[in-house]
Amino acid sequence: MSDIKLLAGNSNRALAESIAAYLGLPLTKCQVRRFADMEVFVEIQENVRGLDTFIIQSTSYPANDHLMELLIMTDALRRASARRITAVVPYFGYARQDRKPAPRAPISAKLVANLITRAGVDRVLTVDLHAGQIQGFFDIPTDNLFGAPVMVRDIKERLDLNNVMVVSPDVGGVVRARALAKRIDAPLAIVDKRRERAGESEVMNIIGDVEGKSCILVDDIVDSGGTLCNAAEALLAKGAKEVRAYITHGVLSGGAVARISSSKLKELVVTDSIQPTEAVRVASNIRVVSIAPLMGEAIGRTAKEESVSSLFD
Ligand code: R5P
């Protein structure tokens, strides 16, 4: 692996360091800083000519700055004659804008994919894309890793699987939740949010019998925490014994941490695809599990031209 170079933007330095430790490699010396007017300036301080390079950068908050860092780092590597550039984007921001929900709306996820590709990235490595089809927005090889094995290991270590029910917090997340339920051989329930008539508030119907069950809500993103906290309320109202959540990307904007801390959720588990804030780290019912070994393994296999999909067999 001597011809691999790992570079980190500013979005998630801690994860990049853990990935580097997993692979037993140092992070390449590289400055990613701002001019006085906030322009991004990048300086790669080691030779990368002819090397297999990996930029570790989630396009998380502040999404535009972190995206720009990724694009400029890519440009720097390309002009420095790197042999291959892989964008390792554990959390791919803008993914929720993946279709036109209304006339004259943009498809920003496609635009961002175009920007990354045009900047000179050769391949992309990401985790739990909001929708699998976003893989096709990139006209370059894109590996969409699953966070599920990390979640499953944690669930098996901590919970009595005999009484567990996996729950999708909305109809759109059923495929993801069902995949996790299958891995732990648990039944599946679905929260079906419906607004019967315009102007009336949403009704939460639970499909499945959750009475007395330890429920695990599974989703790709927790942002405001609204989806999660409302689903937890609805499950408890239907007699669930307790409700936990396993969610890959802890976006946790605005007052989300406070909302979750004061909710009836027993625990929210997120990965470190997005660098946890201090508020997340000290929250009593939020825990972070690391995807560094998963990412490190996938990077190592990519470098050695080995199968990445077999990580999930
Ligand atoms: C939506 O389709 C996503 O899978 C999440 O359910 C959503 O982004 C969560 O957002 P919030 O936490 O703001 O309810």
Centroid-to-centroid separation of segment 63-79 and segment 104-123 [C-alpha atoms, Å] = 13 Å
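Roughly speaking, to the nearest percent, how much of the chain's 1.4 Å accessible area is carbon and sulfur? If you can, show how the numbers build up before the last one.
Values: 7110 of 14650 Å².
That share works out to 49 percent.
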Candidate lysines - alpha carbon under 22 Å from Lys304, same-chain residues fewer than 8 apart omitted | Lys5
Residues with amide H under 5 Å of Ala189's amide H, sequence separation 5 or more or different chain, H placed in the peptide plane at 1.01 Å from N; which?
-> Val166, Val167, Ser168
For Leu27 and Leu111, extending 7 Å from Cα along the Cα-Cβ vector and measuring point to point gives, in nm, a value of 3.0 nm
Would you calculate the separation in nanometres between label points at Asn47 and Arg281, each defined as 7 Å from the Cα along the Cα-to-beta-carbon direction?
-> 3.8 nm
What are the aspartates and glutamates whose alpha-carbon lies under 18 Å from the alpha-carbon of Lys241, with same-chain residues fewer than 8 places away excluded?
-> Asp160, Asp209, Glu211, Glu233, Glu267
Based on alpha-carbon positions alone, could you give the equivalent ellipsoid semi-axes of the chain from the gyration tensor, as √(5λ), descending, whole Å?
-> 36, 21, 18
Diffing segment 173-180: the Karplus 3J(HN,Hα) column from phi (6.51, -1.76, 1.60, θ = phi - 60°), in whole Hz with x for Gly and Pro, holds x, 4, 4, 5, 5, 5, 4, 6
Which of the lysines could be linked to Lys100 by a straight reach, that is with a Cα gap under 24 Å, when you skip same-chain ones fewer than 8 residues away?
-> Lys110, Lys193
Accessible area in square angstrom per residue, segment 1-127, 1.4 angstrom probe | 48 Å²
Taking only protein heavy atoms and a 1.4 Å probe, what accessible area per residue, in Å², does segment 191-307 have with all protein chains in place?
-> 44 Å²
Between the Cα axis of helix 148-158 and the main Cα principal axis of the chain, the angle (0 to 90°, nearest 10) is 50 degrees
Filtering trypsin sites (Lys or Arg not before Pro) in segment 100-190 by DSSP loop and by at most 16 other Cβ atoms within 10 Å leaves Arg104
In debye, nearest 20: dipole of segment 186-280 around its Cα centre with unit charges on the Cβ of K, R (+) and D, E (-)?
-> 240 debye
So what J values fall out for segment 44-52 if you push phi through Karplus, 6.51 cos²θ - 1.76 cosθ + 1.60 with θ = phi - 60°, rounded to Hz, Gly and Pro as x?
-> 8, 9, 9, 5, 10, 4, x, 9, 8
Yeah, segment 148-290 with a ≥ b ≥ c from its alpha-carbon gyration tensor (a/c under 1.5 is rounded, else prolate when a/b outruns b/c, oblate otherwise) is oblate
To the nearest 0.05, the calculated FRET efficiency linking Ser310 and Arg123 through their beta-carbon distance, R0 being 22 Å, is 0.80
Give the accessible area for Phe35 in Å² (nearest 10); use a 1.4 Å probe, count only protein heavy atoms, and leave out ligands, DNA and RNA.
-> 90 Å²
Helical mean residue ellipticity (222 nm; -39500 (n - 2.57) per DSSP H run of 4+; nearest 500) of the chain | -9000 deg cm²/dmol
If you rank Met204, Met151 by how much accessible surface each has, with a 1.4 Å probe, what is the order from largest down?
-> Met204, Met151
Once all protein chains are kept in place, Cys215 shows an accessible area at probe 1.4 Å, nearest 10 Å², of 0 Å²
If one compares the long axis through the Cα atoms of helix 292-303 with the longest principal axis of the Cα atoms of the chain, the angle in degrees, nearest 10, works out at 40 degrees
Of Ile107, Leu51, Gly225, whose Cα points farthest to the positive end of the dipole of the chain (charges on the beta-carbon: +1 Lys, Arg; -1 Asp, Glu; origin at the Cα centre)?
-> Ile107
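The values are calculated or read from the model by the stated rules, or taken from the named source; none is laboratory data. Bear in mind the structure is a predicted one, so any value in this text is a computation, not a measurement. Using ideal geometry, Cβ is built from the backbone for each residue, glycine included, and neighbour counts are taken over all protein chains shown. Remember, those area values only see protein heavy atoms, side chains included, never the ligands or the DNA or RNA. Shrake-Rupley method; radii C 1.70, N 1.55, O 1.52, S 1.80 Å.
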